[in-house]
Structures are given as C-alpha cells and as structure tokens.
C-alpha cells in the first residue's frame, strides 16, 4: 500500500510538460486576439483622425469662400486645387464652381469642395466632399 501511495504522490507533483504546453498555447491565442484588437483600434483611430483633418480643411475652405466678395468669386477661376501636408499625410483640396443661370436661384454660385488623401491601407484614395452655395450680395 505504501508503494501505491508513493506513485500517486509522484504523479501529482508539479507541472508536467503537457500542462506547460497547453498553458503556453492558450496564452499565445489570448495574446494574438488582444494584439489583433489593438491593431484594429489603431487603424480605426488613424482613419478617424485623417477624416477629421479633411473635414477641417473643408471648413477652412468654406470660410475663405464665404469671406471673399461675390464679384471676386464669380470670375471663373475654378476649379482650384491645393495640397497640404499634415502629420505626414498629403491632402489635396479641389474646389469647383458653377453658376445657376435660370430660375429663382439665378446668379447663385454652387461650389463643390473635395478633400482627398492616400488610403493608408493601400490602393486608391479616400475623400470627403461638401457643397456650398453663395448668393449675390
């Protein structure tokens, strides 16, 4: 009976190789899931920041257009394109204009402002756009 007890105690001592391998495999799975989640969050944050900058550039362009006299805006100097680099990302702002020639809104200037930038994930560009109408004063 003594030998049986000794064998049972010997089997229960410490961590065996199988347990250690299983624990390491589970840890690897958990770490890879957490890492993937962090990578996704980083990409989403970067995309949101870039889109926020683009919307800010549109707001700036709208403010400039609204502060410019109507007679200067209707000279036909459109489309206009400018490039701005912010935090290592190059944004291209394109402003185009058309004049409403008939109806109750004749003389109204229709502007289209588009900001585009390279897709950080590769392949093509991302963009945001906004319409703006300016009436003669």
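The values are calculated or read from the model by the stated rules, or taken from the named source; none is laboratory data. Note that this is a predicted model, so its numbers are computed, not measured. A quick note on method: Cβ atoms are made from the backbone with ideal geometry, for glycine too, and the neighbour counts reach across all protein chains shown.
Working only within region 106-126, note down all residues that are part of a loop (DSSP other than H, G, I, E, B), over 30 Å from residue 47 (Cβ atoms) and touching a residue at least 12 places away in the same chain (Cβ under 8 Å).
Hits for region 106-126 are 107, 108.
I need the full set of residues from region 127-137 which are assigned to a strand (DSSP E or B) and either surrounded by 11 or more Cβ atoms within 10 Å (Cβ to Cβ) or touching a helix residue (DSSP H, G or I) at 6+ places or on another chain (Cβ under 7 Å) (or both), in order please.
127, 128, 129, 130, 132, 134 - these are the residues of region 127-137 that are assigned to a strand (DSSP E or B) and either surrounded by 11 or more Cβ atoms within 10 Å (Cβ to Cβ) or touching a helix residue (DSSP H, G or I) at 6+ places or on another chain (Cβ under 7 Å) (or both).
Among the numbered conditions (1) within 21 Å of the chain's Cα centre (by Cα); (2) more than 13 Å from residue 111 (Cα to Cα); (3) at pLDDT 90 or above, tell me where residue 33 comes up short.
So the condition that residue 33 fails would be (1).
When only residues in region 1-30 that are assigned to a loop (DSSP other than H, G, I, E, B) and surrounded by fewer than 10 Cβ atoms within 10 Å (Cβ to Cβ) count, which is modelled with the highest pLDDT?
My answer is 15.
With 81, 95, 72 as the choices, which residue is closer than 18 Å to residue 133 by Cβ, more than 21 Å from the chain's Cα centre (by Cα) and not in a helix (DSSP H, G or I)?
Step by step, each of 81, 95, 72 is checked, and only 95 is closer than 18 Å to residue 133 by Cβ, more than 21 Å from the chain's Cα centre (by Cα) and not in a helix (DSSP H, G or I).
Filter region 81-126 down to residues that are under 16 Å from residue 50 (Cβ atoms), surrounded by 14 or more Cβ atoms within 10 Å (Cβ to Cβ) and either at pLDDT 90 or above or out of contact with any helix residue (DSSP H, G or I) (no Cβ under 8 Å at 6 or more places or on another chain) (or both), then give me how many there are.
Selection size over region 81-126: 11.
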